[in-house]
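Below is one structure; the comments refer to it alone.
Read-outs: derived from the displayed coordinates by stated rules, not from any lab. Computed from a prediction, not measured in an experiment: that's the story for all the values here. Glycine also receives a Cβ, built like all others from the backbone with ideal geometry; neighbour counts cover every protein chain displayed.
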Amino acid sequence: MRPTSRLFATVKSAKKFLEPNTPTGLTGLTTHPSPRPALIYTYRQTLKKLEQIPKSSVYRQSVEALTKQRLEIVEAQRPEGYEQWLERVRKQIAANPAAYAKFLNSDGSLGSEKAHVTAVDNWDGVITRQDALPEGPSTPAEAEKKARYVNAEVQTVDKEAAEGKLPTVEDLEVEPPLTREQIETIENKIGAGLIEEVIQVAEGELQLVDEMLVYQPWEELEEKAPTGQWVYFERGDRV
């Protein structure tokens, strides 16, 4: 079923590469333009946040193991021309370390601060109330918030005028795309549907880690549970 659904996607270059943003065969899910960088970014962010959770937490142990396994699968599939691309990008980073130092991982490998190419939201020509800026009385809190925003923007402009505007991730050369066969290899090894589905699950897990850090379910209960509350009914000798 999965390979069949992928056939709905338009392909280019003699069917070697999948055409980005075309139907995958699953409703509402289009072909991702940069699945490898997106997964690597999301998995590394998840692992970084998991470090804030105690090692004794079963949640951390399970998610960490699964994330590392899938990250290894994705990183093993390198696109054609990857080494040449990496050499060019390293030169870009070396030419401006102040802007790009954060893209280098502790092990010397190259990371990315951008998960994927942002989809373009085409305007349909209709203006609704939701498009308008919120209006209402300017409370002291709102006035202070606006003042902080304006001051931060002024400081940014002044800094750029004095030191010049630093390059961003947008100025780095984009990683070459994976071939269709490489994407299928990742999908088969992970075994969780299309790679676009895998990305959705990874992004959902990253959001869940944030929720876990807020509520800290690994902590002891403030009020101890009554004796036997978590003991489920057992079948015993009954059939």
## Note on the structure
Taking 0.36 nm per residue of separation between Arg88 and Asn151 and subtracting their Cα-Cα distance, the length gained on full extension comes to 19.0 nm
## Note on the structure
From the cross-link list Lys68/Lys91; Lys91/Lys145; Lys68/Lys146; Lys55/Lys145; Lys49/Lys145; Lys48/Lys189, the entries with a Cα-Cα span beyond 31 Å are Lys91/Lys145; Lys68/Lys146; Lys55/Lys145
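When Lys and Arg each count +1 and Asp and Glu each count -1, what net charge do the other residues less than 12 Å away from Gly28, Cβ to Cβ, add up to?
Working: positive: none; negative: Glu196, Glu197.
My count for the surroundings of Gly28 gives -2.
Please give me, ordered by residue number, the GluC sites (Glu not before Pro) of the range 167-209 that lie in loop per DSSP and have at most 16 other Cβ atoms within 10 Å. Could you put the intermediate results ahead of the total?
Values: sites: Glu170, Glu173, Glu181, Glu184, Glu187, Glu196, Glu197, Glu203, Glu205; in loops: Glu173.
Loop-located and lightly packed - Glu173.
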